[in-house]
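What follows is one structure encoded as structure tokens, with my remarks underneath.
The values are calculated or read from the model by the stated rules, or taken from the named source; none is laboratory data. Note that the coordinates shown come from a computational prediction; the quantities given were computed from them, not determined experimentally. Counting neighbours? That spans all protein chains shown, and the Cβs are built from the backbone with ideal geometry, glycine included.
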Amino acid sequence: GDSVTQMEGPVTLSEEAFLTINCTYTATGYPSLFWYVQYPGEGLQLLLKATKADDKGSNKGFEATYRKETTSFHLEKGSVQVSDSAVYFCARLSGGFKTIFGAGTRLFVKA
Amino acid sequence: DAGITQSPRHKVTETGTPVTLRCHQTENHRYMYWYRQDPGHGLRLIHYSYGVKDTDKGEVSDGYSVSRSKTEDFLLTLESATSSQTSVYFCAISDRAQPQHFGDGTRLSIL
């Protein structure tokens, strides 16, 4: 079935470091892809999305490019801040309305 | 933010008692979902709804039932709560082929 695999955490970085969180998905069709972020005590929030191959989603300095050839949707940010500390979930649309989530990657950013 | 309200936000109850969690939306979205989130298990889909009175099971539906009598309300009921159902419960909403939007969660403790 449809699935999403993302790198295990936690990921610990110093402020202003470069961030990459890897994500791959099963290639049944050409699903919309998403990154969500969850801050402590809150629900998941949509961070960015891409709906077709080569699309680049971006928001708040985060970017991810829909790579059909490698079935990947890696999340990147050039310079992380302490306020970026959170759990990040990669996800894909499935069956037209369901969403399949990865296991989540916890990010800690040290000042 | 999408208009999703979960109630209660916190609840402590005893094993064997019935519990109902409510999700209310003001977005008129067709699809509604209940998830539970546990350490080491990520997000798991319990039940979902694709319209008024139209519901279906997710991957962890045992011990849970749902009802949707109005577009805006989706209720999750634990008929006889067990300690294994201690969790954080999230409601989400979406339209077809669109990303889901999440509520702030209900923290449920069953003693």
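Identify, please: which residue in segment A:25-43 is of a type in the set (Ser, Thr, Tyr) and over 21 Å from residue A:61 (Cα atoms) and is, among those, surrounded by the most Cβ atoms within 10 Å (Cβ to Cβ)? Checking each candidate, the answer is A:25. Looking only at segment A:72-111, filter to residues that are among the polar types (S, T, N, Q) and over 15 Å from the mean Cα position of the chain (by Cα); which one of those is farthest from the other protein chains (Cβ to nearest Cβ)? Only one residue tops the list, namely A:79. Count of segment B:1-28 residues, restricted to those that are more than 15 Å from the chain's Cα centre (by Cα) and either within 11 Å of chain A (Cβ to nearest Cβ) or in a strand (DSSP E or B) (or both), is 4.
Scanning segment A:28-54 for residues that are within 18 Å of residue A:84 (Cβ to Cβ), touching an Asp or Glu at 6+ places or on another chain (Cβ under 9 Å) and not acidic (Asp, Glu) yields A:37, A:41, A:43, A:45, A:48. Considering only residues in segment B:99-111 that are surrounded by fewer than 18 Cβ atoms within 10 Å (Cβ to Cβ) and over 13 Å from the mean Cα position of the chain (by Cα), the one that is nearest to residue B:43 (Cα to Cα) turns out to be B:109.
For segment A:1-50, filtered to residues that are assigned to a loop (DSSP other than H, G, I, E, B) and free of Cβ contacts under 8 Å to residues at least 12 places away in the same chain, the residue that is nearest to the other protein chains (Cβ to nearest Cβ) is A:43. Checked against (1) among the polar types (S, T, N, Q); (2) surrounded by fewer than 13 Cβ atoms within 10 Å (Cβ to Cβ); (3) outside any loop (DSSP other than H, G, I, E, B), residue A:70 passes all but a single condition, namely (3).
Taking the conditions (1) free of Cβ contacts under 8 Å to residues at least 12 places away in the same chain; (2) touching a Leu at 6+ places or on another chain (Cβ under 8 Å); (3) closer than 16 Å to residue B:42 by Cβ in turn, residue A:58 satisfies each one other than (3). Checking each residue in segment B:60-80 for being touching a helix residue (DSSP H, G or I) at 6+ places or on another chain (Cβ under 8 Å) and assigned to a loop (DSSP other than H, G, I, E, B) picks out only B:63. A residue that is modelled with pLDDT of 95 or more and charged (D, E, K, R) occurs somewhere in segment B:30-37.
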